[in-house]
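Enquirer: Have a look at this one before I ask anything.
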Amino acid sequence: MYVKMISMETKTDALSEKMMKSLLRTERIGSRLFCLSQVDSTNEELKRRFITDEDLPEGTVAITSDQVAGKGRRGRGWVTPPGVNIAMSIFLRPKIDPSAASMLTIVAALAVCRTCMDMTGLSCRIKWPNDVVVEGKKVCGILTEMSVKTLNSTIEYVIVGIGVNVNTLSFPPELSDKATSLKIACGHGFDLNEPAVGILTHFEKLYDEFLKCEDLGFMTEEYNTLLVSREKAVRVLDPKGEYEGVSLGINDKGELLVRTGDGSIRNVYAGEVSVRGIYGYV
Ligand code: BTN
């Protein structure tokens, strides 16, 4: 009994509100923190919190390592097996035009990529617009959702939802060639508080810069250095017609510039369009 109590008390790798608060040095991102033992979706949790409290402060975070109905992009799901990964959402009230909100996803991707590199020492990469990739496989997905006031078409809130595969060791067969975790890539596991605090810290710095200029000019160079497809052949899955070209990097608005066979440059907008390497996922 004594041994069991000690081992439980000294367990440090689980998500803990107390631990996160003791490590966080941010000003407002994470200043209000809901660390949940289980939740359907952290994005949905923040939406519910907003409904009950319209003054929900900017920077409020909901986080769990047991998300049972996680939402992915394009109506897909996002699986967070209990206790091994993090699912986290950040509540924002940016005073920007709604058309600029999708850039926040790109800001978040850079924050996650920086954090994964800090933690692992590996050369992590970004698959445009917002997947973070290690050794050619995805470790993080981001889903950004926005509510716009009908009265004046201004942003009511933006929720940036981030899922990171931290300590998962296996994936369902349909994902195993596309997904990985930090533990698989490094050969050892991580304290779940570490990526959470790292991401919030990097995100706050980048978000503050973004708010000053409302474009991504301040980070395009770093992002493009990390872009997995840079100067590589890609296939653009545009519903209006697929095409191939060479990925050149993003511009200040986060659009991917692709040089096509005739030498012209096409701007690819995130949303309906996805971009694949011509030989596989990246
Ligand atoms: C993707 O399809 O790549 C995006 C996945 C986004 C998953 C995260 S986990 C935290 C937040 N809550 C959700 O329900 N989804 C996002």
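Enquirer: Which condition number does Gly254 fail, the rest of (1) outside any strand (DSSP E or B); (2) more than 23 Å from Cys124 (Cβ to Cβ); (3) not assigned by TED's automatic domain parsing to the domain that holds Ser31 being met?
Expert: (2) is the only condition that Gly254 fails.
Enquirer: For the range 134-153, name all the residues that are over 16 Å from Ile199 (Cβ atoms) and of a type in the set (A, V, I, L, M, F, W, C).
Expert: Within the range 134-153, Met146, Val148, Leu151 meet the criteria.
Enquirer: For the range 124-132, indicate whether the set of residues that are among the aromatic types (Phe, Trp, Tyr), surrounded by fewer than 24 Cβ atoms within 10 Å (Cβ to Cβ) and in contact with a helix residue (DSSP H, G or I) (Cβ under 9 Å, 6 or more places away or on another chain) is non-empty. So that I can check it myself, show each step before the final result.
Expert: Just the residues of the range 124-132 that are among the aromatic types (Phe, Trp, Tyr), to begin with: 128.
From the residues that got through so far, the ones that are surrounded by fewer than 24 Cβ atoms within 10 Å (Cβ to Cβ) too are none.
No - not one qualifying residue is present in the range 124-132.
Enquirer: May I pose another question? Give, as residue ranges, the strands (runs of 3 or more DSSP E) completely inside the range 50-156 that count at least 1 residues that are more than 13 Å from the ligand (Cβ to nearest atom).
Expert: Qualifying strands (runs of 3 or more DSSP E): 86-92, 125-127, 131-134, 137-148.
Enquirer: Checking Lys240 against (1) within 26 Å of the chain's Cα centre (by Cα); (2) over 20 Å from Ile142 (Cβ atoms); (3) part of a loop (DSSP other than H, G, I, E, B), which single condition isn't satisfied?
Expert: (1)
Enquirer: Checking Gln38 against (1) away from the ligand (no atom under 11 Å from the Cβ); (2) crowded, with 16+ Cβ neighbours inside 10 Å; (3) in contact (Cβ under 8 Å) with a residue 40 or more places away in the chain: exactly one of these is not met. Which one?
Expert: (2)
The values are calculated or read from the model by the stated rules, or taken from the named source; none is laboratory data. This structure is a prediction, so every number in the text was calculated from the model and none was measured. Backbone-built Cβ (ideal geometry, glycine too); neighbour counts: all protein chains shown.
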